[in-house]
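In what follows, a single structure is set out as structure tokens and then discussed.
The values are calculated or read from the model by the stated rules, or taken from the named source; none is laboratory data. The model shown is predicted, which means the values in this text are computed figures rather than measured ones. Here the Cβ is made from the backbone with ideal geometry for all residues, glycine too, and neighbour counts use every protein chain on show.
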Amino acid sequence: MATLPTRVKITDVGPRDGLQNEKGNVPAAVKIGLVHRLQDAGVQSIEATSFVSPKWVPQMADAAEVMAGIERRPGVRYSVLTPNMKGFEAAVAPDRSLWPDEIVVFGAASEAFSQKNINCSIAESIERFAPVVAAAHDKGIRVRGAISCAVGCPYEGEVPPSRVELVARLMKDIGVDELYVADTIGVGTPRKVQAAMEAALRHYPLDLLAGHFHDTYGQALANTLASLELGVWQYDASSAGLGGCPYAKGATGNVATEDVVYMLRGMGIDTGIDLDRLIDAGRYISDFLQRKPNSRAATAMLNQRSA
């Protein structure tokens with residue numbers, strides 16, 4: 001059996017990736033409340049918001065308000081999505097105390113998805129990111145890059161590992177510090193995900209590589225375990241399983257943070273996260289959205305509480 005990591009770092013992307021596609025307005029105060037509950041649960045890396053055009057992502061129009069309202073906790077890394085220079089400039093203006101610790105840029109391993117999502121080719125997307133990465137480094141801000149559609153695309157179908165390796169190399173060339181391999185539409189299965197990870201590992205070491213798995217076909221936990229077997233120890237997950245993709249019909253949310261933590265706890269792998277308090281955070285945002293948490297572990301444990 002492969003040697004598994006003894007500790008895993010989870011970035012909760014619920015406040016950003018999880019909420020960005022909600023049709024009803026989620027007030028900044030509620031988003032801030034979710035961030036606070038996540039950090040109270042021991043989550044040490046949180047994707048808080050995104051600085052994008054409110055025309056395209058109206059849910060994130062309050063990004064500056066969210067960043068200003070978070071009571072930051074030492075040891076917690078707060079990241080934001082900034083897909084272009086305009087977004088980056090908004091994220092770092094005007095008060096330095098409100099700057100993110102890390103920014104996120106994303107490129108697709110699929111040409112068709114890149115065109116649908118950000119209206120440009122893969123090569124053009126990297127050209128757009130290059131000045132953003134340089135500007136972030138000039139200000140001492142780390143850059144995380146994500147490769148979306150790393151195993152499958154709603155327009156092209158299966159995506160070969162060679163495309164993942166290409167985008168990983170391009171990200172490395174422009175100075176992206178850390179790389180996340182994302183199964184954006186949740187079609188990946190363990191061996192395909194391992195192949196995508198191995199392709200990325202040709203350009204990024206284990207300590208700078210992470211996984212981001214959606215659970216559309218119920219494979220996200222299996223894909224997490226498959227990546228753990230390669231030694232990958234950093235993952236994105238979303239409280240209450242929030243999320244989806246506007247450019248991939250039928251794609252469901254990210255793997256629920258509660259489910260990942262429950263699995264890892266049962267394997268004796270430390271996350272530093274209090275599962276009970278994490279479930280409270282997921283219930284908080286689910287109650288606001290007026291639906292049940294999309295987490296099997298949370299559902300089971302909440303049922304036990306009410307029994």
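Evaluated against (1) surrounded by fewer than 17 Cβ atoms within 10 Å (Cβ to Cβ); (2) under 24 Å from T257 (Cα atoms); (3) of a type in the set (G, A, S), S121 falls short on exactly one condition, (2).
Cβ-Cβ contacts under 6 Å between residues 6 or more apart (or on different chains), taken from a first residue in region 165-184 that is more than 19 Å from G152 (Cα to Cα) to a second residue that is of a type in the set (D, E, K, R) and surrounded by 21 or more Cβ atoms within 10 Å (Cβ to Cβ), are listed as E178/R144. Just wondering, is there one or more residues in region 261-272 that are buried (at least 16 other Cβ atoms within 10 Å of the Cβ), within 25 Å of D40 (Cβ to Cβ) and without any contact (Cβ under 8 Å) to a residue 60 or more places away in the chain? Yes, region 261-272 has at least one match. Inside region 102-136, can you point out the residues that are among the charged types (D, E, K, R) and within 22 Å of K55 (Cβ to Cβ)? K116, E124, R128 - these are the residues of region 102-136 that are among the charged types (D, E, K, R) and within 22 Å of K55 (Cβ to Cβ). Screening G243 on (1) touching a Leu at 6+ places or on another chain (Cβ under 9 Å); (2) at pLDDT 95 or above shows it passes everything except condition (2). Using the structure shown, decide if G145 is of a type outside the set (A, V, I, L, M, F, W, C), surrounded by 17 or more Cβ atoms within 10 Å (Cβ to Cβ) and not in a helix (DSSP H, G or I). Yes. Taken over region 8-32, the criterion of being outside any loop (DSSP other than H, G, I, E, B) and either aliphatic (A, V, I, L, M) or within 16 Å of S53 (Cα to Cα) (or both) is satisfied by I10, R16, D17, A28, A29, V30, I32.
For region 83-94, indicate whether the set of residues that are out of contact with any Cys (no Cβ under 6 Å at 6 or more places or on another chain), modelled with pLDDT of 95 or more and over 23 Å from E127 (Cα atoms) is non-empty. No: region 83-94 contains no residue that is out of contact with any Cys (no Cβ under 6 Å at 6 or more places or on another chain), modelled with pLDDT of 95 or more and over 23 Å from E127 (Cα atoms). Does L208 satisfy the criteria of being touching a strand residue (DSSP E or B) at 6+ places or on another chain (Cβ under 9 Å), surrounded by fewer than 23 Cβ atoms within 10 Å (Cβ to Cβ) and touching a residue at least 40 places away in the same chain (Cβ under 8 Å)? For L208, the condition - touching a strand residue (DSSP E or B) at 6+ places or on another chain (Cβ under 9 Å), surrounded by fewer than 23 Cβ atoms within 10 Å (Cβ to Cβ) and touching a residue at least 40 places away in the same chain (Cβ under 8 Å) - is not met.
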